[in-house]
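Bear in mind that the values in this text are calculations on the coordinates, not laboratory data. These numbers were taken from a predicted model, which means no experiment stands behind them. Please note: Cβ atoms are built from the backbone with ideal geometry, for glycine as well, and neighbour counts cover all protein chains shown.
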Amino acid sequence: MEKDSELLPGTLDLLILKVLARETMHGYGIALRLKTISEDVLQVGESSLYPALQRLLLNGWVKAEWGASENNRRARYYTITAAGRKQLGVEREEFQRMVGAIQKVLETA
Amino acid sequence: MMKLLRRLQYFLHRRRQEADLAEEMRFHQAMVEQELERSGITAQEASAASRRAMGAITQMREESRGVWIWPWAESVWQDLAYAARNVRRQPGFAFVAIATLACAIGLNTSLATVFNAVALRPWPVRDPARMVKVYSFEKDPPKGFDSLGGFSLAEFRYLAEHAKSVAGLFAMRGEGGVRLEQAKVRGEYVSARYFRVLGAGMEKGRGFLEAEDQVESPEPVVVLDYRTWQNRLGGVSDIVGRRVLVDDVPFTVVGVTSQDFGGTAPERTDLWLPMASIALLSPENSWALDFLRSPKECCVDLAGRLAPGATREQARAELSVLSADFRRQFHDRSDGVVLTGTALLKQGGRKAGQVYAVFGLMFAGVLLVLLLACANVGNLLLARAAARRREVGVRLSLGAGRARIVRQFLTESLAMAGAAGAVGVLVAYALPGPLFRSAVGEVSFGLRPGATVLAYSLGLAVLASVAFGLAPALHATRGGFSDALKRRESAARARIPLRSLLLAVQVAVSVVLLVGAGLLVRGIQHARSMDPGFAVRGIDSVSFDFPVSAYQSTRLRTFYDSLTRGLDGSPEAGPYGLSAVEPLGHTYSLTSFRRPGEDARQDRMVLSNSVSAGYFEVLRIPVLAGRNFQLTDAGRNVVIVNQAFSDRFFGGENPVGKGLISGGPQEIVGMVRNAHTSGLDAVEPALYTPISFGIPPRVIVRHTPANVAALAALAKNLDARVEVRATPLEENLDSWLSESRVGATIAGLLGVLALILASIGISGVFAFAVAQRTQEIGVRIALGARASHVIGVVVGSAARALLAGLAVGLLLALWEGRVIGKYLFGVSPLDLTTYAAVLITLAAAGLAATYLPARRAIRLDPIRALHYE
């Protein structure tokens with residue numbers, strides 16, 4: 001079992017939303033995309049990915065639909081909703097603030 | 001909110017959701033394997049690697065599910081635990097609140113139980129929805145009669161033979177006074193199909209056969225009720241085939257009904273006889289033959305089962321046509337028929353309207369009590385909520401959402417309402433049965449709250465919890481938390497003082513309930529002291545029970561002739577009167593009449609009675625004009641009218657000497673003063689004819705032991721089998737009052753309950769006012785304010801609410817007085833005594849309720865008060 005890189009709490013939701021903001025994807029695709037973009041730094045295991053997706057569904061930030069995958073299997077595709085886009089903005093700001101704050105502490109302390 | 005909906009949706013489709021997740025997992029795994037294989041690992045190793053990942057997958061599935069269910073369930077649990085903790089911390093408050101609500105919900109559920117049993121629940125038979133009761137409809141029924149009536153037996157046979165839309169029409173006729181062996185029981189004559197169409201179960205034997213219910217050849221057979229068999233006939237196992245004496249005629253028992261069948265009448269039926277057997281029980285009575293054959297002789301009640309596929313409307317249309325066809329043969333008119341369900345209370349018609357009106361009033365009463373209870377508990381909660389503003393403020397500042405805290409408050413009220421509802425349902429199980437039995441007697445229907453009633457009380461409890469819980473919850477969370485932390489009063493005083501509003505509602509509701517109760521009680525008092533216009537006290541009405549089968553009209557005539565001769569000749573018997581209708585006996589006789597020169601279509605119905613001269617003397621009804629009857633009047637066409645008759649039909653002129661037509665030309669020989677002999681409302685026009693012995697008359701005598709003994713001795717002497725029964729007229733008067741008395745008792749109980757609830761509420765409000773203004777009062781006392789001034793401050797804080805509640809309550813009470821006006825026996829709906837008593841009672845209760853809080857305020861130690869926080 002691969003070890004997940006430790007993420008700041010709440011960041012996984014933000015990352016998923018960001019990935020989905022570009023295009024509709026299935027779960028495995030999301031994991032793959034996070035891995036490639038972060039150049040293998042972020043390896044998201046299914047034990048945190050799928051609960052996160054359920055959380056997003058519950059909050060109404062994404063919706064899910066069944067479709068055919070690239071190799072013609074049935075896969076569940078996630079799409080970001082309008083509420084999800086709004087949330088993405090909010091979380092992104094929050095994240096920037098947080099990173100900025102951490103940065104400040106690291107530079108000055 | 002949307003989140004809750006999505007959660008609910010997930011919960012409803014959780015099977016599919018989990019299947020989705022599982023499939024998603026398999027897809028993910030397959031992709032992982034594919035990826036691994038592509039990177040050069042063998043298929044075997046790849047699948048092993050993915051199997052290793054299985055554990056993680058199970059865990060993932062648990063967690064994914066948890067996102068939907070767990071936090072929510074946990075938070076509900078938290079709320080409940082929190083609510084329980086709060087309740088435990090203030091057991092007194094919880095007790096008062098739950099007891100208050102339980103009373104109100106219990107009353108509501110009890111009333112709903114009775115209403116359901118009487119007005120909604122159909123007969124307890126197979127497929128009751130297809131059963132209908134059939135009534136003949138009459139457009140303009142004479143006064144005192146219902147627009148829905150029965151049919152003649154001949155018409156029933158015609159309808160039963162021709163109707164296609166009703167399968168198995170059957171007829172019923174209740175007979176209150178049948179004697180089984182020697183005991184008086186309630187019997188019912190039914191047509192042969194009765195048990196078969198109803199699908200009533202038989203404990204033993206069978207129902208009736210068509211052959212046993214033939215007018216030409218009636219059979220002496222009887223079906224017994226289960227309890228009659230058990231209680232009166234010892235429950236002997238070989239009962240079927242035995243002979244029993246019904247009105248002294250031997251009848252053969254053919255069946256015993258099963259235990260759960262109580263009959264189709266409101267009272268319990270003890271035995272059933274075939275319709276045609278009426279002829280066996282009164283073989284020489286010409287009425288019995290008329291009843292069995294004549295197309296106009298009234299009446300039997302009809303019911304039947306709708307034929308497969310037929311609707312109620314189709315059946316109504318068909319039966320209306322058939323009824324009109326039948327009556328046309330006998331030059332009689334039909335206004336059609338009416339079909340209703342088989343609930344015990346006759347639906348439609350004027351009587352039913354009255355019963356519904358009474359139920360409506362009672363529902364209004366108990367709902368008002370519930371409103372009062374809600375206002376009460378709401379006020380207590382509000383006071384607590386204000387006290388908890390700091391707690392709420394802290395929680396808000398720690399990041400709790402407002403919705404979350406409101407939900408927390410509502411959970412608390414729901415928990416309390418739930419507890420109260422449970423107690424209330426217990427009340428409804430225990431209360432109506434015994435209450436009904438003591439008021440009405442043995443009834444054929446069960447009085448247990450069914451599913452409908454339970455749903456009703458559940459709904460009430462939930463509504464109540466929202467009603468009294470929402471306002472305090474919103475109130476407590478209003479405004480920012482810093483505001484709440486700073487000062488306790490600021491927000492509480494902000495807008496409409498909700499507490500004052502609730503207080504005003506409480507006062508108004510208690511005024512309405514108390515005035516209603518007061519008026520009804522006064523009405524009863526008034527009726528008891530009212531002059532009925534004739535002598536009631538110390539007068540007996542004596543009737544004779546004959547062995548029906550042995551008597552015919554000529555023999556009856558001989559009996560009464562000998563009896564009156566005996567009475568005339570015996571000095572100890574004293575004066576007596578004869579009357580076909582028992583005074584205040586709940587029976588009426590009507591006759592039609594017209595003035596000379598009018599044609600038959602102008603006939604109107606008036607009350608009638610056939611009496612002897614002694615009737616007016618013993619009852620002390622004075623003859624105002626003309627003369628009383630004389631012995632020589634027997635068989636002559638002379639009548640006496642009452643004042644109401646002369647006022648209505650002769651414009652108040654002296655009617656003596658005038659003629660009228662009632663079954664032939666009659667001459668009015670006298671006019672008597674109005675007397676309430678047939679009811680306590682306004683006296684109706686009445687026509688008296690000389691005694692004719694057509695129906696066995698009552699003998700009206702003054703009640704002295706010698707009188708009654710002499711009468712009984714005379715009767716027994718004439719025929720030892722005759723049973724003599726003396727009824728004091730006061731008992732009859734009492735039974736007239738009993739309906740209103742039950743009403744007054746219920747209204748009185750509601751009123752007292754309302755008073756108690758309102759007192760608790762008022763007391764709570766003032767106690768809170770004192771607690772809230774402790775510092776201010778302390779300062780005032782320290783500065784030398786007198787006790788009266790301090791009390792003024794405390795009471796003044798709610799004075800406006802009290803006055804407003806009083807004003808609204810009085811206005812509503814005025815309206816209420818008009819609604820219940822007809823149950824007041826002539827007491828004015830504006831009765832000053834009642835209003836004064838209500839105001840004094842309320843003032844006293846209010847004073848009592850403010851006493852404790854006020855005392856606390858006066859005795860406040862200024863030093864401690866100033867430190868109070």
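Some values worked out for this structure:
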| read-out | value |
| --- | --- |
| For B:L624, residues with placed amide H under 5 Å, excluding near neighbours | B:M671, B:V672, B:R673 |
| Given charges at beta-carbon only (K, R positive; D, E negative), |dipole| of the range A:11-108 in Debye | 300 |
| Residue mean of other protein chain beta carbons inside 10 Å, B:21-30 | 5 |
| Modelled FRET efficiency - R0 41 Å, B:E161 with B:T452, Cβ distances, 0.05 increments | 0.60 |
| Student exercise, chain B dipole from Lys, Arg, Asp, Glu Cβ charges, in Debye to nearest 20 | 4140 |
| Stretchable slack from B:H789 to B:S217, in nm (0.36 nm times residue separation minus alpha-carbon distance) | 196.6 nm |
| Relative contact order %, chain A, counting alpha carbon pairs below 8 Å whose residues are six or more apart | 28 |
| For B:I405, B:I41, B:I700, order by how many other beta-carbon atoms lie within 10 Å, fewest first | B:I41, B:I405, B:I700 |
| Stokes-Einstein D (µm²/s) once Rh is taken as the Kirkwood radius of the range B:104-191 over alpha-carbon pairs, at 25 °C in 0.890 mPa s | 147 |
| Cut-off 18 Å (backbone N to label point 7 Å along Cα→Cβ of B:D531), residues of the range B:675-701 | B:675-684 |
| Rel. contact order, % - alpha carbon contacts under 8 angstrom, at least six apart, the range B:539-735 | 37 |
| Per-selection Rg to Rh, the protein assembly as shown - Cα, Kirkwood hydrodynamic radius | 1.13 |
| Nearest 10 degrees, 0 to 90: helix B:153-162 Cα axis against chain B principal axis | 60 |
| Helix B:451-477 vs. chain B, principal-axis angle (Cα, 0 to 90°, nearest 10) | 40 |
| Table column - 3J(HN,Hα) (Hz), the range B:98-111, Karplus curve with 6.51, -1.76, 1.60, x for Gly and Pro | 5, 5, 4, 5, 4, 4, 5, 5, x, 4, 4, 5, 4, 5 |
| Cβ-defined net charge surrounding B:L729, 9 Å radius [Lys, Arg +1; Asp, Glu -1] | -3 |
| Calculated P(r) tail over 18 Å for the range B:233-336, as whole % of Cα pairs | 68 |
| Estimated vicinal HN-Hα couplings, Hz - the range B:706-715 in sequence order (Karplus 6.51, -1.76, 1.60; Gly, Pro = x) | 5, 3, 5, 4, 4, 5, 5, 4, 4, 5 |
| Cα gyration tensor shape for chain B, rounded if a/c is under 1.5, else prolate or oblate | oblate |
| Cβ neighbours within 10 Å from other chains - mean over A:27-33 | 3 |
| Charge dipole (debye, nearest 20) of the protein assembly as shown; +1 at Cβ of Lys and Arg, -1 at Cβ of Asp and Glu | 3580 |
| Most positive-pole-ward Cα, B:Q772, B:I700, B:L718, against dipole of the range B:664-781 from beta carbon charges | B:Q772 |
| Top positive-direction residue, dipole computed over chain B with Cβ charges, set B:V32, B:F93, B:N637 | B:V32 |
| Estimated distance in nm for a label pair at B:A600 and B:Y356, the labels positioned 7 Å out from Cα along Cα-to-Cβ | 3.6 |
| Cβ-Cβ FRET estimate between B:Q314 and B:W77, R0 fixed at 35 Å, reported to 0.05 | 0.05 |
| Likely footprinting exposure, B:H475, B:H586, fewest C-beta neighbours within 10 Å first | B:H586, B:H475 |
| Added length on full extension, which subtracts the Cα-Cα distance from 0.36 nm per residue, B:V742 to B:R557 | 62.5 nm |
| Unpartnered cysteines - no second Cys beta carbon under 4.7 Å - across the protein assembly as shown | B:C103, B:C374 |
| Förster radius 51 Å - calculated FRET efficiency between A:S48 and B:L426 (Cβ-Cβ, nearest 0.05) | 0.50 |
| Two-site label geometry, B:D332 and B:A836: point separation in nm, points 7 Å out along Cα→Cβ | 5.8 |
| Relative contact order of chain B, defined on C-alpha pairs under 8 angstrom at six or more residues apart (%) | 14 |
| Where labels lie 7 Å past Cα in the beta-carbon direction, separation of B:V462 and A:I102 in nm | 4.7 |
| For the range B:100-203, with +1 on Lys and Arg beta carbons and -1 on Asp and Glu, the positive-most of B:P128, B:F151, B:V178 along the dipole | B:P128 |
| B:V683 long-range amide H proximity, modeled H, under 5 Å | none |
| Average beta carbon contacts from partner chains per residue of A:54-61, 10 Å cutoff | 5 |
| Burial ordering of B:M671, B:M2, fewest other beta-carbon atoms within 10 Å first | B:M2, B:M671 |
| Lysine-lysine proximity count for the range B:128-342, Cα under 25 Å, sequence distance 8 or more or distinct chains | 7 |
